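Okay, structure first, notes after.
The values are calculated or read from the model by the stated rules, or taken from the named source; none is laboratory data. Predicted, not measured: the structure shown is a model, and the values here were computed from it. Neighbour counts are summed over all protein chains in view; Cβ atoms, including those assigned to glycine, are modelled from backbone coordinates with ideal geometry. For accessibility, only protein heavy atoms count, side chains too; no ligands or nucleic acids. Shrake-Rupley method; radii C 1.70, N 1.55, O 1.52, S 1.80 Å.
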Amino acid sequence: MTERTSPLSALDRPNSYIGRAVPRPNLGRLLEGRGQYVSDISLPRMAHVVFVRSPYAHARIVSIDAADARKGKGVVAVVTGAELANVCTPWVGVLTHLKGLKSPPQHAIAVDRACWVGEAVAAVVAASRAEAEDAAARVLVEYEELPVTADMDDALAAGAAPIHPDFGDNIAFERRLDVGEVDAAFAQADAVAEAEFVFARHTGVTLEARSIVADWNPGEQRLTVYQGTQAPHMMQNIIARHLGLAEAQVRVLCKDVGGSFGIKVHVYADDMATVALSKLLKRPVKHVADRVESFLTDIHARDHRCKGRVAVRKDGTILAFEIDDRTGIGPYSVYPRTSAIEANQVVNLVGGPYAVKNYRARARVAFQNKNVTCQYRAVGHPIACSVTEGLVDRAAAAIGMDPVEIRRRNLLPDDCYPAESAAGMKFEALSHHAALEKILAMMDYEALRAEQARLREQGVYRGVGIASFIEVTNPSAAFYGVGGARISSQDGAAVRLDASGAIVCQTSITEQGQGSEAIIAQVVATAVGAPLERVRVILGDTDNVPYGGGTWASRGAGIGGEAAWRAGRALRDNILSVAAAILQTEAAALDIAGGEIVDAEGHARIGLDEIARIAYFRPDTLPPDFQAELIATRHYAPRKFPFAFTNGVQAASIEVDVRTGFVKLLRHWVVEDCGRVINPQLVDEQIRGGVVQGLGAALFEHCRYDERGQMLNANMADYLVPMAGEMPDIEVAHVETPTQESELGAKGAGEAGTAGAAAAVANAVNDALAPFGAVISEIPLTPELVLRAIGAIS
Amino acid sequence: MSARRIRISLEVNGEPVEAEVAPRQHLADFLRETLGLTGTHIGCEHGVCGACGVRLDGAVVRACLTLAAQADGGAVETIEGVSDSGEIADLQAAFEKRNALQCGYCTPAMLLSAQELLLENAAPSREEIRDHLSGNYCRCTGYHAIVDAVEETARQRRGGPA
Ligand code: FES
Ligand code: FES
């Protein structure tokens, strides 16, 4: 055990809940089907909205004839974009720190032009969803088809017709970076390896689709919004702003959420239309996307093509990386976080784990007539990791070095911190080498190599792949706030001792299944010295929690947890001064453990219930000038570092069936360092879930579009997701390097699994195919791709 | 749409239910909207994700592919029913202990599918568990913890240590 300074000692007390796998308090209701998801909510007079959606990727709306639809049974209203624009103002998805980023105004419902298949052109509100669907089929929309630009490279080609004529081209954003002496490094190299990496467009496929119930009450002049969202305060601000309301007139409630992963942190036109319709119609309106709508309008992600080069010396020293990344984001940059962040992250993260000084990058972000893309779990990380780790493996192959050895020689040394990457990312402390050595031991690398060689003689093609990565967590205001977005990088917690002696914590972070409630309860119980079962956590209600950012970008434990820790410690101090007044001693001589005030010898003197009873009901017995304060509120925002970077490494063992092209995942390992682990089980399960999302991307997931901008597989039968049968067991272990910026020392863990999984699998597949001289640089790694690569089909 | 309604009578979680349903209404909507049994979830409405699984006459079926009218004369059991009866209390406890759910949206149907397997195979291998649950999509967990929880329940039901 290392020595720590005083505030941390409470983390390590015998009755500390930090580092323990306690079960989550909210599981009971979910296990019995007693959760309350937005799709379960039903209010008096509630109507249902269904959207009429453009069947064309690009078309002018000539006319909308709703006369027949209005006669439909149960129909309340049919509303066009022009009509709704009177209730809800359009928005523009740009941030000032992404210099040059442009995007046109976007309306809740298209006003005169549809720019992708699935964009809403009219809304039908009826007494039931089925009746609204019936009537929607009777809305007659006349379109005039416009030229479609679907492919990102067509959009970027010189002379391409701009989708938004005012902009003159289709480049939404471009960034260049040139650090060190890149040309000289390539000139000095003993070998140069290069590839063009292709990442399919995929999407989040949360099992509960996006859902919202909006309830405008004209009598109260207040709008109550039930939404499955990761950022209630952000939504409160945006809804208020675009409906012309004061923030105080909008309450956002977030109950159980059926999966999120970044999908539910953005502003969707459908959601804005639903809140506007409630205001217009003066009654509750509900929208639950069906699965086809989810595929056509939930944000998509990735869809990158990235050329990469690496310069290496014979001794394994990597001299330089160079990338040229293109991505297509659809016709609009998504509000308010923008669609330039993923490409920007790719530039920031490529080469990040390595001590390489020379780096050149270019990223171009193109408008196109497909659904929009935006931040989905691990934003940019899987691309940066696959490009970097793909290049490192190719460099190793070029000089005949083992992939592990080249990493050992180039990963940032564990004793070099604080350090900075070529891209300018600041690392407080990472543990690449410790993580690498740990994973090699877990997987028994040498044994795997021996087995691989033995099986290869029998015509069995196994491969092993390794991928080191860095992960952005605990973002400060540098992420969004500095760019002008009203997205809080700060979180708050209010912790109180109630009259029964139980603890209640209101926190601004949200829960979508990660275990936020459990983490906050553990932190608060430990900070105060109360038993875990006496702590209740309240979240997801802008009327009832402190202002804050919510749960996204792996910030819940690190930022929300720290705020809860500080609030809990402050309440503890307040409780001890009450106890000191009662016991007529010094607060400094007392402590709280297991819900009891204890003296220096650890003897219980008085219980929290008794403190509460006296403070609330017999204040007359306390000294006349003493006022008990049994609630404490604290906020926390990271300030010293823009992000708390974490690191880790993943490894995959796979087998390729060279007759069918199928890739079988055999085993998968992860070692990651998220700083202090508050609940090891929850961290491990975050990682496993993240890994499987990355494995889905590696092998299956692909939003397929044709050249006319039609999505070809917008259903769950044709869009393949990972199911239990194809997934391997995943072994997870940790290195713990707490951040010194906070007392708790926790960093995030939500992206790590997704960040490196595809890279590890792609490297493993290429390792397996090495005897064929085949190298694949594209995901998903479909059987067809594999068979083509080995020349079995052409 | 025709306004024709169909009279059905069935048993839901052991209670008799009489209702008039639209011919096109599927069982999931009937359970959720008419009976308020919102523990049955809808994920795709086209028979792939498995979130809508309920027991109809003892077999787990997809309630989004079953018309309410088809349940006429049958016995339906939902997550609410098997929870209240205690039938899967041990499985639920194992899921809780192992954190085999995150958002919980897949969980009700996942539990019913797992119970279906455990009733027909007292000692399933991990591979058999994965196979049997392959019609139930879970986006959150990565499945590993679910497989652990089912395996553990089987072991305990066989009389293994808790
Ligand atoms: S909702 Fe029935 S299978 Fe998806
Ligand atoms: S726990 Fe979220 S889908 Fe399974």
- [ ] Within the stretch B:79-95, count every residue that is within 22 Å of A:Q681 (Cα to Cα) and away from ligand 2 (no atom under 13 Å from the Cβ).
- [x] 6
TODO: Report yes if A:R486 is open to solvent by 10 Å² or more (accessible area, probe 1.4 Å) and either away from chain B (no Cβ under 14 Å) or acidic (D, E) (or both), otherwise no.
DONE: yes
TODO: Among the residues of the stretch B:96-106, write down those that are facing chain A (nearest Cβ under 7 Å), in contact (Cβ under 8 Å) with a residue 24 or more places away in the chain and either of a type in the set (A, V, I, L, M, F, W, C) or within 12 Å of ligand 2 (Cβ to nearest atom) (or both).
DONE: B:N99, B:L101, B:Q102, B:C103, B:Y105, B:C106
Open item on the list: Looking at the stretch B:38-50, I want the residues that are more than 7 Å from every other protein chain (Cβ to nearest Cβ) and within 15 Å of A:P722 (Cα to Cα) and have a partner that is in a loop (DSSP other than H, G, I, E, B) and of a type outside the set (S, T, Y) with Cβ atoms under 8 Å, at least 6 apart or on another chain. Which pairs are those?
Closed with: B:G50/B:G43; B:G50/B:C106; B:G50/B:N136
Task: Among the residues listed as A:G756, A:G725, the single one being part of a helix (DSSP H, G or I) and within 11 Å of another protein chain (Cβ to nearest Cβ) - done: A:G725
Open item on the list: Residues that are away from ligand 2 (no atom under 16 Å from the Cβ) and surrounded by fewer than 22 Cβ atoms within 10 Å (Cβ to Cβ): does the stretch A:549-561 have at least one?
Closed with: no
Open item on the list: What's the total number of residues in the stretch B:108-162 that are part of a loop (DSSP other than H, G, I, E, B), facing chain A (nearest Cβ under 7 Å) and of a type in the set (K, R)?
Closed with: 1
- [ ] Inspect all residues belonging to the stretch B:120-135 and state whether any of them is outside the structural domain of B:A19 (by TED's automatic domain parsing) and touching a residue at least 60 places away in the same chain (Cβ under 8 Å).
- [x] yes
Task: Of all residues in the stretch B:33-49 being open to solvent by less than 50 Å² (accessible area, probe 1.4 Å) and touching a strand residue (DSSP E or B) at 6+ places or on another chain (Cβ under 7 Å), the one that is nearest to B:T153 (Cα to Cα) - done: B:T40
Open item on the list: Exactly one of these conditions fails for A:P623: (1) under 30 Å from A:Y56 (Cβ atoms); (2) open to solvent by 20 Å² or more (accessible area, probe 1.4 Å); (3) out of contact with any Phe, Trp or Tyr (no Cβ under 9 Å at 6 or more places or on another chain). Give me its number.
Closed with: (1)
- [ ] Restricting attention to the stretch A:673-691, report how many residues are at the interface with another protein chain (Cβ under 10 Å from one of its Cβ atoms) and in contact with a Ser or Thr (Cβ under 8 Å, 6 or more places away or on another chain).
- [x] 5
Open item on the list: open to solvent by 10 Å² or more (accessible area, probe 1.4 Å) and away from chain B (no Cβ under 14 Å): is that true of A:P25 in this structure?
Closed with: no
- [ ] Confirm whether A:V94 is within 14 Å of chain B (Cβ to nearest Cβ), at negative phi and surrounded by 15 or more Cβ atoms within 10 Å (Cβ to Cβ).
- [x] no
Task: Unmet criterion (only one of (1) farther than 19 Å from A:I519 by Cβ; (2) touching a helix residue (DSSP H, G or I) at 6+ places or on another chain (Cβ under 8 Å)) for A:G28 - done: (1)
Task: Options B:V54, B:V76, B:V60: the member that is crowded, with 19+ Cβ neighbours inside 10 Å, over 25 Å from B:A149 (Cα atoms) and away from ligand 2 (no atom under 16 Å from the Cβ) - done: B:V76
Task: Number of the condition not met by A:R53 [criteria: (1) more than 9 Å from chain B (Cβ to nearest Cβ); (2) surrounded by fewer than 19 Cβ atoms within 10 Å (Cβ to Cβ)] - done: (2)
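Conditions (1) open to solvent by less than 40 Å² (accessible area, probe 1.4 Å); (2) in contact (Cβ under 8 Å) with a residue 24 or more places away in the chain; (3) more than 30 Å from A:V117 (Cα to Cα); (4) charged (D, E, K, R), marked per residue:
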| position | (1), (2), (3), (4) |
| --- | --- |
| A:Y719 | yes, yes, no, no |
| A:E726 | no, yes, yes, yes |
| A:A733 | yes, yes, yes, no |
| A:P738 | yes, yes, yes, no |
| A:A762 | yes, yes, yes, no |
| A:V765 | yes, yes, yes, no |
| A:G773 | no, no, yes, no |
| A:I793 | no, no, yes, no |
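Results for (1) within 12 Å of ligand 1 (Cβ to nearest atom); (2) of a type in the set (K, R); (3) over 22 Å from A:S42 (Cα atoms), shown as yes or no for each residue.
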{"position": "B:P16", "(1), (2), (3)": "no, no, yes"}
{"position": "B:E20", "(1), (2), (3)": "no, no, no"}
{"position": "B:G47", "(1), (2), (3)": "yes, no, yes"}
{"position": "B:V60", "(1), (2), (3)": "yes, no, yes"}
{"position": "B:C64", "(1), (2), (3)": "yes, no, no"}
{"position": "B:G74", "(1), (2), (3)": "no, no, yes"}
TODO: Working carefully through the options B:R55, B:R4, B:R32, B:R24, find the one that is within 16 Å of ligand 1 (Cβ to nearest atom) and part of a loop (DSSP other than H, G, I, E, B).
DONE: B:R24
Task: Meets criteria (part of a loop (DSSP other than H, G, I, E, B) and within 13 Å of another protein chain (Cβ to nearest Cβ)) for A:L720 - done: yes
